[in-house]
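Remarks on the structure that follows.
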Amino acid sequence: MYDIELTEDFGHRRSGDGIVVYLYYTELDYEAVKEVVSHVYYTEDNKVENEDGEEDYDWSEYDPSSIYTKTVGDIDDEITMEGVKVSGETKQIDKDKFSRLLKEIFSELEYPLVFIDTENKEVYKIDDQKEIDDLMSKREDYGIYIREYDCLNDY
């Protein structure tokens, strides 16, 4: 179980919200993402009546989820630092470009950037660019995972 420090939900895509970008290292823990969804969307005030007339939670998920960025173009579901290479024939990871990507997601696109810390079993929203700089100085094995959430009956 993760200690989840998120106080608001991510909204719904239909109303212009609903995109969240998860930042992780080494390997994505899909169970952590499930815990976040449960924490954010499985709440009493997020219940609606479904198509069968039964009470259900008001959320669904795009699959695949994607965003467009100026830094790397289209991203479908996931990209790792390893996938962001220095231009040309080199196989060198472009850590600065990945950092710019995170800052674009956070500052320009204004999507929630949620960090999954598997080592300390914590999940929290990144609140400023300094946090991005601090994280980027510690490792070179980050990745991002994109999810889009919407209203229950949209799919």
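FYI, it's all coordinate maths here, none of it is from the lab. Computed from a predicted structure; not experimentally measured. Glycine also receives a Cβ, built like all others from the backbone with ideal geometry; neighbour counts cover every protein chain displayed.
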Exercise. Can you tell me the dipole magnitude for the chain around its Cα centre, using point charges on the Cβ only (Lys, Arg +1; Asp, Glu -1), in Debye to the nearest 20?
Key: 1040 debye
Quiz prompt | Loop-located trypsin sites (Lys or Arg not before Pro) in region 78-134 whose Cβ has at most 15 other Cβ within 10 Å (DSSP) | solution = K91, K121
Quiz item: Using modelled amide H (1.01 Å from N, peptide plane; none on Pro or chain starts), what sits under 5 Å from the amide H of E61, excluding residues fewer than 5 places away?
Solution: D150
Self-check item: Violating pairs (Cα-Cα greater than 32 angstrom) within the set K47/K138; K70/K125; K47/K103; K47/K130; K34/K97; K47/K95
Solution: K47/K138; K47/K103; K47/K130; K47/K95
Quiz item: Of I144, L101, N46, whose Cα points farthest to the positive end of the dipole of the chain (charges on the beta-carbon: +1 Lys, Arg; -1 Asp, Glu; origin at the Cα centre)?
Solution: L101
Quiz item: Going by the alpha-carbon gyration tensor, a ≥ b ≥ c the square roots of its eigenvalues, is region 79-128 rounded (a/c under 1.5) or, if a/c is not under 1.5, prolate (a/b greater than b/c) versus oblate?
Solution: oblate
Exercise. Just tell me which aspartates and glutamates come within less than 14 Å, Cα to Cα, of K121; anything on the same chain fewer than 8 places away is out.
Key: D3, E5, E27, D29, E31, E35
Quiz item: Shape call for region 4-44 from the C-alpha gyration tensor, a ≥ b ≥ c root eigenvalues: rounded (a/c under 1.5), prolate (a/b greater than b/c) or oblate?
Solution: oblate
Quiz prompt | Theoretical ellipticity at 222 nm over the chain - DSSP helices of four or more residues, -39500 (n - 2.57) apiece, nearest 500 | solution = -5500 deg cm²/dmol
Quiz item: So for the chain, taking the charge dipole from beta-carbon charges (+1 Lys/Arg, -1 Asp/Glu), which of V84, V123, L28 sits furthest toward the positive end?
Solution: V84
Quiz item: Nearest 0.05, what FRET efficiency do D77 and D141 give at R0 = 25 Å with Cβ-Cβ as r?
Solution: 0.90
Exercise. Take the chain, compute every pairwise Cα distance, and split them into 5 Å bins from 0; I just need the percent in each bin.
Key: 2, 9, 18, 21, 20, 14, 8, 5, 3, 1, 1, 0
